[in-house]
1. Take the chain, mark every one of the GluC sites (Glu not before Pro) that falls in a DSSP loop and has at most 13 other Cβ within 10 Å, then report the longest stretch left between them, sites excluded.
2. Run through the DSSP bridge list for the chain and note the antiparallel percent, rounded to the nearest 5.
3. Taking the Cα of THR42, stepping 7 Å toward and past its beta carbon, and measuring to each backbone N in region 295-327: which are under 13 Å?
4. With Cβ to Cβ distances under 9 Å as the rule, what net charge do the other residues near VAL324 carry (K, R +1; D, E -1)?
5. May I ask for the angle, rounded to the nearest 10°, between helix 55-71 and the longest principal axis of the chain, with both axes built from Cα atoms and the value confined to 0 to 90°?
6. According to a simple spin-label model (label point 7 Å from Cα along Cα-to-Cβ), what is the distance in nm between LEU63 and LYS10?
7. Note the listed values [x] 34, 23, 18; [y] 38, 24, 20; [z] 43, 26, 16, then indicate which one is semi-axes √(5λ) of the Cα gyration tensor in Å calculated from this particular structure.
8. Does region 8-78 come out rounded, prolate or oblate, given a ≥ b ≥ c as the square roots of the eigenvalues of its C-alpha gyration tensor, rounded meaning a/c under 1.5 and, failing that, prolate meaning a/b above b/c?
Amino acid sequence: MTSPVPVNLKDLTVDNITENVHAINSQCSSLRLKYLLERTVTHLHDLARETRLTTDEWMATLLFLTQVGQISTDVRQEFILLSDVLGLSLLIDSIDHPKPENSTEGTVLGPFHTHEAGHSVNGSRISQDPDGQPLLVVCTVKTVEGTPINGVEIDVWETDSKGFYDVQHADRTGPDGRAVLTSDDVGDFWFKAILPVPYPIPHDGPVGKLLQQLNRHPYRPSHMHFMFKKAGYDPLITALYLKNDPYETTDAVFGVKDSLIVDVQKVDDEEQAMRYDVELGTLLIKYDFVLVTEKAAADLRRKKAEQAMASQGRKFRFIDDLPVPEVD
C-alpha cells in the first residue's frame, strides 16, 4: 500500500483531514505501529463524522480519560477497569490467546492482580479471613492430549468474604487471598481458600459514573482468578465462576464463559478429608485446567489472523507474526 501524498496541510477539511494524517504518520519506521495508527485514526475520524461529534462531547471524553488516569495507582488500575467494562479486555485476550478445542478458555485479568504473593506449598491456606466459608480447591494441569504438566507456576487470587481484594484495605499489612503455587509431578495443585462472593467493581470513580449513565450495575459474579505460566506453554489467565450466581449472565466486565462455571461440592469421605487436611463437609471446587503449547497457540493465532486479513480484501504480510499491509 503506497503512502498517501498530503493534499494541502494548510487547507484541511472534513473530507481530506484523514488522508493527510495518514500521510504524516506514514513516516513511522515501524510498519506495525504505522498500521495500528492508520486504523486507529481511520476509525476515530469515521466515528466523529458518522456521529457528528461535537466539541463539547469530545472535551467531555478527554476530561473523562484524564480522570481515569488521575485515579489510577499501582493497586487500582482504572484504565484496565475501563477496558474491562467495554468488553475490550476479553476481546483482546481472545484474539491474542486463541484456544483450540478441549483447552481451558481465558478471561479477563482484572485490575487487582499484584506480584506481591510469595510462593506457597500445595495445601496452603491463602486467605486469613475468619468470616469466609472454608473452601478446598483441588485442580490438575494437563496438556490437550491429557498428559500431566509438572512445574507450572499458578498465581491465584480472590476477594475476602466482603468482596474486597487485599489492596482495597488501607490498613493491610501484606498480601492476603493470594498465593503462587506449583503443580506437582502428576500435574496436581490444591489449596485452602474461602468461598468466593459477588462484589462490585470500584464504582466511586469515572468508570463507575459511566456505568451509572449507561444504567448498568457494577457487580461481578462470584469467582476466583488463576494465572498459569511455564516455559513452552502459552500463558493462561482465567477464572472459575460459581454456578447459579445472581450475576452469572450480567457480569460487569463480560468475563463469564460456560466452560469456566463450576459446581460447589463438599468433601464427602474421610480419606479425602485426611488427604487434604480438612473437615468432612468442607466446601470443594474441583477443576481440570488444560494448557496449550506456545507453538500450537502461535499457529492458531496466525491462522485466525490470516483469515481475518483475507476477509478485508487487502494484501498483508506478517512481521513477527503480526499483520501489516503489503506495500505495492
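1. Values: sites that count: GLU101, GLU145, GLU279, GLU326.
Free of exposed loop sites, the longest segment is 146-278.
2. Values: 33 of 46 bridges.
That works out to approximately 70 percent antiparallel.
3. Counting backbone N atoms under 13 Å from the label point, the list is 309-316, 324-326.
4. On the way: positive: ARG32, LYS34, ARG317; negative: GLU326.
Within the 9 Å Cβ shell, the charges total +2.
5. 40 degrees
6. Simple spin-label model gives 3.6 nm for this pair.
7. Working out semi-axes √(5λ) of the Cα gyration tensor in Å from the coordinates points to [z].
8. Numbers: a/c = 2.73, a/b = 1.39, b/c = 1.96.
Oblate.
Computed from the coordinates by the stated procedures, all read-outs in this text should not be read as laboratory data. Here the structure is a predicted model, which means the values were calculated and not measured. Cβ atoms come from the backbone with ideal geometry, glycine included; neighbour counts cover every protein chain shown.
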